[in-house]
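Quick one: the structure is below, questions incoming.
The values are calculated or read from the model by the stated rules, or taken from the named source; none is laboratory data. It should be emphasised that the depicted structure is a prediction, and the values quoted were computed from it without experimental measurement. When we count neighbours, we look across all protein chains shown, and the Cβ atoms used for this are built from the backbone with ideal geometry, even at glycine. To get the accessible areas, we keep the full protein, side chains included, count just its heavy atoms, and leave off ligands, DNA and RNA. Shrake-Rupley method; radii C 1.70, N 1.55, O 1.52, S 1.80 Å.
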Amino acid sequence: MRATRATRALAALYAARPEAALSESEVETALAAAGAQVNKVTVYRMLDRFAAAGLLHKQVDAARVTRFALASAVGDGAAPRFECDDCHRQFRLSQGSAKVQTALKQVLQALATAGHESLAVDIAVRGRCAGCAHPGQGAPA
Ligand SMILES: [Zn+2]
């Protein structure tokens with residue numbers, strides 16, 4: 001992968017926000033703020049390249065917006081996440097994640113024992129994020 005300025009900025013963006021699941025427009029805005037002005041097509045191309053390289057995990061939220069999260073944070077593909085119904089931002093849930101993973105592993109193991117293959121789990125909690133529920137208190141960026 002060629003380390004262009006935009007690619008480095010994209011890597012830095014995810015390094016700074018490892019929990020984030022970002023849409024193309026969010027990435028485009030963040031890159032522009034970091035001084036790497038790139039168009040939509042280039043952003044999509046970079047995100048797809050990162051995803052193809054296994055660095056990012058592609059997911060579609062309830063509003064059918066494609067989002068990209070760090071693959072290393074996804075783990076077994078069973079990382080629970082929280083999605084805000086108002087602003088559609090996604091937050092990875094790290095608290096209690098280990099317990100969920102352990103419980104899921106047992107479920108998956110039982111299914112695998114029964115002969116089922118290629119199992120994928122997607123856990124999403126829906127609601128309103130702190131920024132939308134309490135707009136006066138300064139939403140986290
Ligand atoms: Zn929100």
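Please go through region 113-132 and pick out each residue that is over 24 Å from PRO18 (Cβ atoms) and either within 16 Å of the ligand (Cβ to nearest atom) or at pLDDT 75 or above (or both).
Scanning region 113-132 gives THR113, ALA114, GLY115.
Return the pairs, sorted by first residue and then second, in which the second residue is open to solvent by 90 Å² or more (accessible area, probe 1.4 Å), the first residue lies in region 39-54 and is in the same structural domain as THR66 (by TED's automatic domain parsing), the beta carbons are less than 6 Å apart, and the residues are 6+ apart or on different chains.
From residues that are in the same structural domain as THR66 (by TED's automatic domain parsing), the pairs are ALA51/LYS58.
State yes or no: is SER97 at pLDDT below 75, away from the ligand (no atom under 16 Å from the Cβ) and under 24 Å from THR4 (Cβ atoms)?
No; evaluated as a whole, the condition is false for this residue.
Please work out which residue is modelled with the highest pLDDT, limiting yourself to region 44-85 and to residues that are exposed (fewer than 13 other Cβ atoms within 10 Å of the Cβ) and among the acidic types (Asp, Glu).
Checked region 44-85; the qualifying residue modelled with the highest pLDDT is ASP85.
Just checking, how many residues over region 1-50 are closer than 15 Å to PHE68 by Cβ, part of a helix (DSSP H, G or I) and not hydrophobic (A, V, I, L, M, F, W, C)?
Qualifying residue count for the region: 13.
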